[in-house]
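First up is the structure itself, then whatever we jot down about it.
Read the figures in this text as sums done on the coordinates, not as results from a lab. Predicted, not measured: the structure shown is a model, and the values here were computed from it. All Cβ positions, glycine included, derive from the backbone under ideal geometry; neighbour counts span all protein chains shown.
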Number of protein chains: 4
Amino acid sequence: MTMPSDRTAPEQSRTRYNRDEKVIAAAVAVMSDKGYAATSVQEVADRVGVLKGSLYHYFSSKEELLFRILEESHEQVREIRTAVAQLDLPPLESLLEYVTRSSTWYLENRDRANIFFTEMKNLSGDRLVAANRWGREFERGVSDYVSAGQLDRTIRTDLDQRLVTRFILGAVNNVRFWPSRPSGKQFGNEEIVSALVLLIRDAISAHR
Amino acid sequence: MTMPSDRTAPEQSRTRYNRDEKVIAAAVAVMSDKGYAATSVQEVADRVGVLKGSLYHYFSSKEELLFRILEESHEQVREIRTAVAQLDLPPLESLLEYVTRSSTWYLENRDRANIFFTEMKNLSGDRLVAANRWGREFERGVSDYVSAGQLDRTIRTDLDQRLVTRFILGAVNNVRFWPSRPSGKQFGNEEIVSALVLLIRDAISAHR
Amino acid sequence: MTMPSDRTAPEQSRTRYNRDEKVIAAAVAVMSDKGYAATSVQEVADRVGVLKGSLYHYFSSKEELLFRILEESHEQVREIRTAVAQLDLPPLESLLEYVTRSSTWYLENRDRANIFFTEMKNLSGDRLVAANRWGREFERGVSDYVSAGQLDRTIRTDLDQRLVTRFILGAVNNVRFWPSRPSGKQFGNEEIVSALVLLIRDAISAHR
Amino acid sequence: MTMPSDRTAPEQSRTRYNRDEKVIAAAVAVMSDKGYAATSVQEVADRVGVLKGSLYHYFSSKEELLFRILEESHEQVREIRTAVAQLDLPPLESLLEYVTRSSTWYLENRDRANIFFTEMKNLSGDRLVAANRWGREFERGVSDYVSAGQLDRTIRTDLDQRLVTRFILGAVNNVRFWPSRPSGKQFGNEEIVSALVLLIRDAISAHR
DNA sequence: AATGAATGAGGTTTCATTCAT
DNA sequence: TATGAATGAAACCTCATTCAT
């Protein structure tokens with residue numbers, strides 16, 4: 001809450017920041033694995049290497065910890081959307097670029113993605129309201145492109161925009177379950193992403 | 001820990017059977033909403049209208065209750081697969097028929113589907129092993145059709161069978177999030193399913 | 001409570017009696033093994049082969065079941081004492097005869113003896129009062145012989161009668177832990193008992 | 001299930017150590033009185049003056065609490081055995097010295113002795129295995145002396161060593177029931193112990 | 001910042017007992 | 001007699017959170 005004084009700021013804030021991130025990283029790992037409700041603060045503390053009580057210097061509650069994780073994920077995906085928007089591509093290309101980049105992020109951050117897509121329901125009050133807003137934003141990011149793509153006839157118009165949007169969202173949200181390569185004999189992230197893009201393009205484009 | 005044995009004698013009593021089902025229905029509703037871990041036995045009991053302790057006449061543990069729910073869902077989806085197999089259609093048609101029927105089931109049993117796709121991790125021991133086996137079975141159901149479809153050239157061969165399979169599974173598993181029609185102004189289940197099938201067909205078929 | 005009518009009496013009472021005994025036998029086995037408090041009515045019912053609720057036709061409560069077991073044991077040991085008294089032997093010989101017979105009973109009824117010596121504390125109210133009376137009676141059975149033996153100089157008089165009595169009681173109560181012969185290579189009951197008697201005699205007799 | 005590891009660092013804090021001991025002392029008192037199974041964690045907590053949940057800072061389970069009590073008792077009796085062994089007395093004298101010291105310990109720690117001799121059966125898994133090992137150790141402590149005493153002809157050889165051993169163990173284990181002196185009109189511990197030793201010596205020695 | 005003891009509410013589960021059938 | 005569903009209290013244990021140190 002209080003700003004660090006000028007003199008000690010760089011050192012302190014780095015320390016603080018690192019510790020915050022360490023806690024978040026630990027929480028992400030555990031919560032992705034067992035789910036928010038089944039995760040105890042104790043387990044997170046164990047992983048960080050501090051005592052349970054000490055965590056409360058960084059987070060006011062378990063729910064806030066979840067919120068911060070979701071917020072970070074949301075922020076990073078939003079940046080992807082912003083970056084894609086600045087490329088000024090035609091709708092379908094924008095959409096596919098967005099699919100490419102966000103899928104890549106999900107694959108590189110499987111644990112965070114898991115939490116993002118399954119644990120929102122554990123928030124309450126204002127935090128839940130904020131998270132739901134993110135969800136709608138996220139959906140709009142895709143649905144706007146779909147609408148535009150139908151207008152310029154690059155995306156099929158025989159299906160309602162909402163259905164096409166859901167289809168894309170579902171396919172993208174699920175990449176995190178695609179086979180990874182723990183031992184090198186599976187697929188790389190780029191391979192997975194280009195397959196996904198190919199399939200989505202063929203599913204939704206107007207030309208066939 | 002212990003595997004559930006046969007609980008209800010077949011004829012034993014309509015009453016008993018109904019009560020079992022009532023408990024399962026209550027648990028499905030609550031667990032779909034809040035998740036297994038965040039659901040208390042108390043809440044399920046309240047919904048059934050009995051005392052907490054009374055539930056243990058029907059289920060030996062909360063985990064067994066979850067297992068029974070998953071088992072029922074598995075059973076019903078498996079029946080769909082069996083029925084489709086008996087139609088003796090060519091691979092791609094079989095696959096799409098299977099997509100049609102299972103998607104419909106997911107839409108008509110959204111709560112059960114939610115639990116099926118997100119709460120397996122809460123099982124342990126033998127029950128977890130059994131559930132994982134279902135998961136693999138389920139995947140095989142799709143992946144066998146994909147392989148056959150690639151062999152007879154009706155399904156695209158430019159992508160590895162495992163990637164195509166995952167894409168389909170992801171799309172199907174996610175129908176449960178598609179916009180339903182609580183107030184009549186959304187889509188009907190058939191409409192959703194035919195859109196899904198159309199999109200999947202265009203994504204994976206060899207002809208374009 | 002109600003006396004059976006004349007006609008059906010013999011049959012009925014035998015049945016009833018047998019069932020009562022079956023229940024008691026089951027309870028003895030389980031309670032000796034796990035202790036009264038750790039024994040559930042369910043386990044007793046399982047062993048008898050009836051449902052839990054049915055046991056309450058025979059016993060009004062778990063505590064009464066325990067009481068009946070203790071009462072039976074007490075009764076049988078009391079009969080031993082009476083029989084010995086009727087032999088009209090001199091004090092030391094009476095005492096050793098009593099040790100012989102009661103030790104034998106403990107060895108032949110190890111489970112009942114276990115319960116008799118360890119589970120009385122689980123009774124309450126009137127039943128506890130009655131059981132404590134048995135305990136004192138039991139002790140008197142030995143202590144009277146010791147006193148008489150000290151009077152006629154067959155039992156050592158250098159030790160207070162109460163100490164000698166406790167010593168004997170302790171030795172006798174503990175025979176149930178002496179090595180039995182599950183596979184024939186241990187000792188028989190008679191062998192154990194005569195060793196015990198020999199040792200006690202040498203410990204307490206006045207002549208040495 | 002899991003074996004208890006080292007709980008308390010040696011120096012760690014007087015406070016912690018004391019609290020552990022306070023909890024153990026409370027548990028000893030209650031469990032000796034009512035038995036392990038009939039003792040609720042609540043009762044122990046009440047006696048310590050903390051909330052039920054707080055006890056779990058010191059012990060991971062009720063069973064572990066029992067284990068710790070038994071372990072402490074075992075440790076103290078083992079030290080007695082070690083001390084006696086270092087006196088380098090002839091077998092019979094060693095045995096009687098051991099009887100003297102351990103009986104004294106039982107009399108001074110009646111509650112702990114009660115638990116030690118009756119509640120082991122409530123352990124399970126590894127803890128039960130460990131406790132059974134103690135039991136065998138304990139028995140060996142006596143039986144080795146008996147064997148040696150028979151070899152050097154100070155202990156009677158007309159009875160099998162195992163029977164003599166059991167007799168001694170039974171007599172010693174039972175001192176805890178001998179009449180104590182709550183109001184001064186009973187016997188002192190030394191008086192009880194010397195009577196016991198006298199009786200055992202006369203029972204088992206070869207000279208008579 | 002960190003500790004770790006303590007809290008207190010709530011979790012799952014067990015169980016003796018009752019009772020309508 | 002027998003059943004077995006239901007009860008309701010109480011059992012053991014967990015856990016997010018607080019706070020004095």
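Couple of notes before you dig in:
- Cα gyration tensor of the protein assembly as shown - equivalent ellipsoid semi-axes, whole Å, descending: 76, 34, 23
- Computed helical MRE - 222 nm, chain B, DSSP H runs ≥ 4 contributing -39500 (n - 2.57), nearest 500: -22000 deg cm²/dmol
- Taking every C-alpha pair closer than 8 Å and separated by at least 6 residues, the mean separation divided by the residue count of chain C gives a relative contact order of 21 percent.
- Three-way shape label, the range C:123-208, alpha-carbon gyration tensor, a/c 1.5: oblate
- Cβ-derived FRET efficiency at R0 25 Å, B:Q86 paired with B:H207, nearest 0.05: 0.40
- Charge tally for B:E137 (other residues, Cβ to Cβ under 11 Å; Lys, Arg +1; Asp, Glu -1): +3.
- With a Förster radius of 60 Å applied to the C-beta separation of A:R181 and D:F177, the computed FRET efficiency comes to 0.25.
- Rough spin-label spacing in nm, given labels placed 7 Å along Cα→Cβ, for A:D152 and D:E75: 7.8 nm
- Gap separating the Cα centres of the range B:93-121 and the range D:127-144, nearest whole Å: 59 Å
- Note on chain B: dipole from Cβ charges, positive end direction compared against B:S143, B:S205, B:V175; the farthest Cα belongs to B:V175.
- Net charge over other residues, Cβ less than 13 angstrom from the Cβ of A:L123 (K, R count +1; D, E count -1): +1
- Once backbone amide H atoms are built at 1.01 Å from N, B:I155 has B:Q150, B:A206 as its partners under 5 Å, excluding neighbours fewer than 5 places away on the same chain.
- Take the convex hull of the alpha carbons in the range C:18-109; its mean projected area over all directions comes to 6.8 nm².
- The dipole here belongs to the range B:85-203: it is taken about the Cα centre, uses +1 on the Cβ of Lys and Arg and -1 on the Cβ of Asp and Glu, and is about 420 debye.
- Two-site label geometry, C:E108 and A:L128: point separation in nm, points 7 Å out along Cα→Cβ: 7.2 nm
- Per-bin percent of Cα-Cα distances, the range C:66-204 [5 Å]: 2, 10, 19, 21, 20, 14, 9, 4, 1, 0
- Cβ-based net charge around C:L66, under 9 Å, with every Lys or Arg adding one and every Asp or Glu removing one: 0
- Sorted from closest to farthest, the other copies place their C:E139 label points 3.0, 7.2, 8.0 nm away, with each point set 7 Å from Cα along Cα→Cβ.
- Mean per-residue shielding of peptide A:159-171 is 6, counting Cβ atoms of other chains within 10 Å of each Cβ.
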